[in-house]
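Step one of this worksheet: look at the structure below.
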Amino acid sequence: MKNLSVAIAMSALGFFASAALAQEVKGQVTAVEGEGRTVVIDGGTKVAISASGTKIVIKNAPGTRADIVAGMTCTADAAKATTITCD
């Protein structure tokens, strides 16, 4: 019974963690850290950008992490982005 309670608690924790990661992030880039590996949106929300696992779109064209600079307005699909689009 104890193992079942632990399994249920872990499942619930995983559900809430994945729901938090799945929220869209939109705003102005205020900082770019670690050679573009992390983009800070609106001074607080950090978005992880993968060179191979994140689709990067800059002004409707394919881009790279190096193309993302402070001042751009970007929308990321999650805090660990699989897609980020910037203007």
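Quick note: the coordinates plus some simple rules give every number you see, no bench work behind them. Everything numeric in this text was worked out from a predicted model, so none of it was measured. Cβ atoms come from the backbone with ideal geometry, glycine included; neighbour counts cover every protein chain shown.
Round to the nearest 0.05 the FRET efficiency obtained for Ala70 and Thr45 when R0 = 25 Å and r is the Cβ-Cβ distance.
Details: r = 14 Å, r/R0 = 0.57.
It comes to 0.95.
Please compute one quarter of the surface area of the Cα convex hull for segment 24-86 and express it in square nanometres. Orientation-averaged projected area of the Cα hull: 3.3 nm².
Figure legend: label point modelled 7 angstrom from the Cα of Asn60 along Cα→Cβ; no residues of segment 69-84 have amide N under 11 Å from it.
For segment 24-86, with only Lys/Arg (+1) and Asp/Glu (-1) charged at the beta-carbon, what is the dipole magnitude about the Cα centre, in debye rounded to 20?
With only Lys, Arg, Asp and Glu charged at Cβ, the dipole is about 100 debye.
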